[in-house]
Amino acid sequence: MTTTSTSPGRSFADAPGWGKTVALFAACANDVMFPQAPIATTRLLERLGCRVVFPKKQTCCGQPLVNTGYYDETVPIVRNFAKAFEGYDYVVAPSGSCVGAVRHQHQMLADHAKDPGLRRDVDAVVAATFDISEFLVDVLGVTDVGAYFPHVVTYHPTCHSLRVAHVGDKPMRLLQAVRGITIKDLPDADRCCGFGGTFALKNPDVSVAMAADKARNVASTGAEYLVAGDNLCLLNISGVLGRQQSGIRPIHLVEVLASTEEES
Amino acid sequence: MSTEARDAILGRVRAALADLPPLTPEADTPVAWTYGQPRALDNILDQFEDRIIDYRAAFERCTPATLAEHVVGALQTYGTASVVLPSGLPRSISDAVAAAGLEVRLDEPQLTRIELDATSAVVTTCAVAAAETGTIMLDHGPGQGRRALSLVPDVHVCIVLADQVVSDVPEAVARIAPAIRERRPITWISGGSATSDIELSRVEGVHGPRTLHVLLVDGS
Amino acid sequence: MSKKLPVVTSRGGTVEPPRLTPAPPPGRLIDSPRFPAQAKVELGNPVQRKNLHHAMTTIRDKRARVAGELDNWEDLRLAGEAIKNRTLRHLDTYLVQLEENLTAAGTEVHWARDAEEANRIIVGLVEASLGETREVVKIKSMATQEIDMNEALEEAGIAAWETDLAELIVQLGHDRPSHILVPAIHRNRSEVREIFNAEMGTYGRPAPEGLDTEPKNLAGAARLHLREKFLRSKVAISGANFMVADTGTLVIVESEGNGRMCLTLADTLISVVGIEKIVPTVEDLEVFLQLLPRSSTGERMNPYTSMWTGPASGDGPQTMHVVLIDNGRTQVLSDPKGREALRCIRCSACINVCPVYEKVGGHAYGSVYPGPIGAVLTPQLRGVTSAVDASLPYASTLCGACFDVCPVRIPLPDLLVHMRHKVVEGKKAKGGVHTESAIMKATGRMFSHPRLWAAAVNAGALGGKALTGRVKHFGPLPWPLSKWTNARDVPIPPTESFRAWYARTHHEDGSLK
């Protein structure tokens, strides 16, 4: 794995993403509420030489429904996902949670539907689906993406990116290569923020108690920005931080990676 | 009544597993594990000593020649008045203990629970010990006595021979398995009794001997 | 069977005779409130929250350290998983083999289909063994809690004395356990002293004069209080951590020595064990006796482990019984996905690592088993129809920390989702109108029809345009949105969705406009 800097003047053919077409999987919540993350993903991948397309048929990975126990209602969503992303070598999302859901649950749901054809389609899509951090490190072979973000940050590894998508230390390695950045360790980093999808609505009191713990830990770092790879976890933690007037701003990992000196 | 319940339960189990292929357990579920493997340790006896001390038990080394005097020394350290000596202990030990003026109690005829409760200490040998976990295993054969003997008195002096110490649990289980198959009762002891039930503060010595004193006999 | 009879008063009425043991809290666990409701109550207990945070953090760190010491820890977990799978997939074979060997070793084997049958058998066995004393000593056993054995014995006029320190605190405190390994973790030391001072004297040797709150002195008081019970015990009741099929050996893993006391001093030993607690061979113990101590108390080895194979001549109980209980386990076994939960060796590692458990403690779960394993196993054993059982699978954020520490690799997050599916299917089967189900159906439709979703995305952007300049973010909103916004600000939707931005800046083939 090489760390390649994308300095200007480099020919396109040297760019790590040259010749690769990426189907962007925006993630439903991002499409509506946090477009900056898929926008940053697009810009970053293009900067690295990829061609980025947006298959319009995409909707959602289905996680909110299947995780609440509604398997039958999720099967058509799985079918739509497989169709929307059919034929692409790389399906990339700025969301460890959604990627984890696709890789961990879509095959189970195809089997639940007793549909071997769907299972085959799902197998193909699963093999092509990556979180942005994995795509950068494992497929493009870069940890230094030429980013510049002169701020103090702390990073929260979201549970599903860690334990379902298994992105490992890739996000941290990418952050560490960002110029100008100062990274503060987050105490109890791997403890859940309390979001848990519908958990926040079914068990609001416990959810808030857990989010309060996480917010306290974030605030204790003195960071200006809270970074994470999933926008709904960020929404949860930053929502509490905002209510406390903490001044700490949330930002998605990919937005940090997409920041350059020119833009600052 | 019991046959009816037995048949019902076994019937339910078989019905529950009807989705599985008719294979033997071994063919159906391979277990990727090699039993009885030693753990690589720099020095088995040193590791054993480390762990015993870590459990806040006492530890001393001696030779076969000095064993008896160490037993007496240990008992005297704890102000022992009376000590139960299981049958099968070397004669030299019982002689030395008696000569030191300590009251020797034998378990023949068996001591009552009250008598045992009033006995200060017990001395036993052991069957095998595991270094990595600091575990001593008794199979209650000669020199070890029935289980209550090493349970009720407050001081337990345990004699471990160097060649009884193996690296870790897998080797120890392999060594103790024949005794289990002979239907001997087995007791594993790793330090003294303890509890963390109150606010998770560890407290040593609830039931069971509050003092464990290990004598490692090394002839080399 | 001599049941306790009501006492006839001088006025000719009857009153219940005084209890032999402290009364537990009234009501059945299965009638507990839904998890969210009870959780809210528990969140309001600062003593418990402090205890839980300290205890769970400590025990998590210990477990991580000792598991990390073994370079083959992952291989051990895989072996534990495989051995338990082999056992469960051939449980009939191993049960028959176990019974043969138990019998050959001189242990009488009994089978109980459910709690009621188990208690009937146990009470009968105890009655047959007792002389004048109407009491038994017991070692901590989840199986006996599951069947509520203590109360069955109380009703038959037999006192069952808990001898595990935490269970003693719970019993004397008229309480219920809140953890499967450290059941009194919700109590602090001053509460324990109060309980000992108030209750020990009623049920045996009183607490010493001037007892303080030092844990070692509290433990010392328990030692003295229990000593006389051990020394006069005739009948002991235990569970078992493992039963070895090829020898008929039972294994008990403990810390305090109360197990050894019960197992060696009584004349009769009755062991109540779930049918799934089998391992095939003696050699298999080498795997589990590495996995269990490190996963449960976070030690390299627990202080005492006892193994016995039938009565030993001149040593300990000469009459032995094993009561094998089903109590819903065969039901779990019949579910090809759900049966993975039966691998559980009751170590509590999942409970100790669960961020939800740490906040609310065990009483919120309305079940003998709390935490992740409880949220899976209890609805499997009891069914998903009661209010609390339908809520348990949702008592989790699916963070996955539990699977990482489970020594037998039970896929707890997957099983939680699996049980949520069972709850949903159960509700559908019952019929009627359910808001959540309707919302999910509509959401499912929206997400499986790209045009519907695209329209929803546009609507969001329109909403954003309407609010921009007027509102910076959403503060508290009415119910049900209040569930979120009571504690958190929410940004207003942006004015341009991602797909609109992409359509504006790119051609469909990915080239820039």
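The values are calculated or read from the model by the stated rules, or taken from the named source; none is laboratory data. In this text the structure is predicted, and so the values were computed from the model without any measurement. A quick note on method: Cβ atoms are made from the backbone with ideal geometry, for glycine too, and the neighbour counts reach across all protein chains shown.
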_I need the full set of residues from region A:181-209 which are at the interface with chain C (Cβ under 8 Å from one of its Cβ atoms) and charged (D, E, K, R), in order please._
A:ASP190, A:ARG191, A:LYS202, A:ASP205
*Go through region A:41-66 and count every residue that is within 15 Å of A:GLY146 (Cα to Cα), in contact (Cβ under 8 Å) with a residue 60 or more places away in the chain and surrounded by fewer than 24 Cβ atoms within 10 Å (Cβ to Cβ).*
3
*Kindly list, by first and then second residue, each pair from a residue in region C:295-317 that is at the interface with chain B (Cβ under 7 Å from one of its Cβ atoms) and in contact (Cβ under 8 Å) with a residue 24 or more places away in the chain to a residue that is in a strand (DSSP E or B) and of a type in the set (Ser, Thr, Tyr), limited to pairs with Cβ atoms under 6 Å and residues at least 6 apart or on different chains.*
C:SER306/B:THR187; C:MET307/C:THR249; C:THR309/C:THR249; C:GLY310/C:THR107
*Run down A:ILE183, A:ILE251 and say which single residue is outside the structural domain of A:PHE135 (by TED's automatic domain parsing), touching a helix residue (DSSP H, G or I) at 6+ places or on another chain (Cβ under 7 Å), at negative phi and outside any helix (DSSP H, G or I).*
A:ILE183
*Considering each of C:ARG193, C:ARG187 in turn, give the residue that is surrounded by 18 or more Cβ atoms within 10 Å (Cβ to Cβ) and part of a helix (DSSP H, G or I).*
C:ARG193
*Would you pick out the residues in region A:101-133 that are of a type in the set (S, T, N, Q) and in a helix (DSSP H, G or I)?*
A:GLN105, A:GLN107, A:SER133
*Of everything in region C:356-414 that's crowded, with 24+ Cβ neighbours inside 10 Å, over 30 Å from C:LEU285 (Cβ atoms) and among the polar types (S, T, N, Q), which residue is nearest to the other protein chains (Cβ to nearest Cβ)?*
C:THR397
*asked:* Against the condition within 14 Å of chain C (Cβ to nearest Cβ) and outside any loop (DSSP other than H, G, I, E, B), how does A:LEU136 come out, does it pass?
replied: no
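Conditions (1) over 22 Å from A:PRO76 (Cβ atoms); (2) in the same structural domain as C:PRO494 (by TED's automatic domain parsing); (3) modelled with pLDDT of 80 or more; (4) outside any helix (DSSP H, G or I), marked per residue:
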site	(1), (2), (3), (4)
C:MET440	no, yes, yes, no
C:THR443	no, yes, yes, no
C:MET446	no, yes, yes, no
C:TRP453	no, yes, yes, no
C:ALA456	no, yes, yes, no
C:ALA459	no, yes, yes, no
C:LEU462	yes, yes, yes, no
C:ARG470	yes, yes, no, yes
C:PRO478	yes, yes, no, yes
*Got a sec? Which helices (runs of 4 or more DSSP H) wholly within region B:1-105 have at least 2 residues that are closer than 29 Å to B:GLY205 by Cα?*
B:44-54, B:67-77, B:91-99
*Residues located in region C:418-437, provided they are in contact with a helix residue (DSSP H, G or I) (Cβ under 7 Å, 6 or more places away or on another chain), at the interface with chain A (Cβ under 7 Å from one of its Cβ atoms) and without any contact (Cβ under 8 Å) to a residue 24 or more places away in the chain*: C:HIS421
*Please specify each residue of region C:234-250 satisfying the condition of being surrounded by fewer than 24 Cβ atoms within 10 Å (Cβ to Cβ) and facing chain B (nearest Cβ under 9 Å).*
C:ASP246, C:THR247
_Within region C:138-146, does at least one residue satisfy the condition of being modelled with pLDDT of 95 or more, in a helix (DSSP H, G or I) and surrounded by fewer than 17 Cβ atoms within 10 Å (Cβ to Cβ)?_
no
*Of all residues in region C:17-68, which are part of a helix (DSSP H, G or I), surrounded by 15 or more Cβ atoms within 10 Å (Cβ to Cβ) and of a type in the set (Lys, Arg)?*
C:LYS40, C:ARG49, C:ARG60, C:LYS62, C:ARG63
*Does C:ALA156 count as over 24 Å from B:ARG202 (Cβ atoms) and in contact (Cβ under 8 Å) with a residue 40 or more places away in the chain?*
yes
_Residues to consider are A:HIS112, A:HIS160; find the one that is within 13 Å of chain C (Cβ to nearest Cβ) and buried (at least 19 other Cβ atoms within 10 Å of the Cβ)._
A:HIS160
_Condition first: within 14 Å of another protein chain (Cβ to nearest Cβ), in contact with a Lys or Arg (Cβ under 9 Å, 6 or more places away or on another chain), modelled with pLDDT of 95 or more and closer than 20 Å to C:ARG488 by Cβ. Can you find one or more residues in region A:164-171 that meet it?_
no
*asked:* Within region B:1-14, take every residue that is more than 7 Å from chain C (Cβ to nearest Cβ) and modelled with pLDDT of 95 or more and give me the one that is nearest to C:LEU76 (Cα to Cα).
replied: B:GLY11
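One line per residue, one yes/no per condition, for (1) at pLDDT 95 or above; (2) closer than 22 Å to C:CYS402 by Cα:
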{"site": "C:THR264", "(1), (2)": "no, no"}
{"site": "C:LYS277", "(1), (2)": "yes, yes"}
{"site": "C:VAL282", "(1), (2)": "yes, no"}
{"site": "C:GLU286", "(1), (2)": "yes, no"}
{"site": "C:LEU291", "(1), (2)": "yes, yes"}
*Could you identify the single residue in B:VAL173, B:VAL206, B:VAL160 that is within 13 Å of another protein chain (Cβ to nearest Cβ), on the phi < 0 side of the Ramachandran plot, of a type in the set (Val, Ile, Thr) and not in a helix (DSSP H, G or I)?*
B:VAL206
*Only one of (1) closer than 22 Å to A:LEU174 by Cβ; (2) part of a loop (DSSP other than H, G, I, E, B) fails for A:GLY197. Which number is that?*
(1)
*Quick one: in region B:90-118, which of the residues that are of a type in the set (Lys, Arg) and closer than 13 Å to B:LEU149 by Cβ is farthest from the other protein chains (Cβ to nearest Cβ)?*
B:ARG105
*Return the pairs, sorted by first residue and then second, in which the second residue is charged (D, E, K, R) and surrounded by fewer than 23 Cβ atoms within 10 Å (Cβ to Cβ), the first residue lies in region A:21-35 and is more than 18 Å from C:THR468 (Cβ to Cβ) and more than 8 Å from chain C (Cβ to nearest Cβ), the beta carbons are less than 8 Å apart, and the residues are 6+ apart or on different chains.*
A:VAL22/A:ARG51
*Conditions (1) touching a residue at least 40 places away in the same chain (Cβ under 8 Å); (2) over 21 Å from the mean Cα position of the chain (by Cα); (3) more than 13 Å from chain B (Cβ to nearest Cβ): number failed by C:SER32*: (2)
*Collect the residues in region C:421-470 that are more than 46 Å from the chain's Cα centre (by Cα) and hydrophobic (A, V, I, L, M, F, W, C), keeping them in residue-number order.*
C:ALA455, C:ALA459, C:ALA461, C:LEU462, C:ALA466, C:LEU467
*Tell me which of these C:GLN331 doesn't satisfy, since it passes every other one: (1) at the interface with another protein chain (Cβ under 10 Å from one of its Cβ atoms); (2) crowded, with 21+ Cβ neighbours inside 10 Å; (3) modelled with pLDDT of 95 or more.*
(2)
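Check C:ARG189, C:ARG260 and return the single one that is among the basic types (Lys, Arg) and more than 30 Å from C:GLU100 (Cα to Cα).
Criteria check complete, one pass: C:ARG189.
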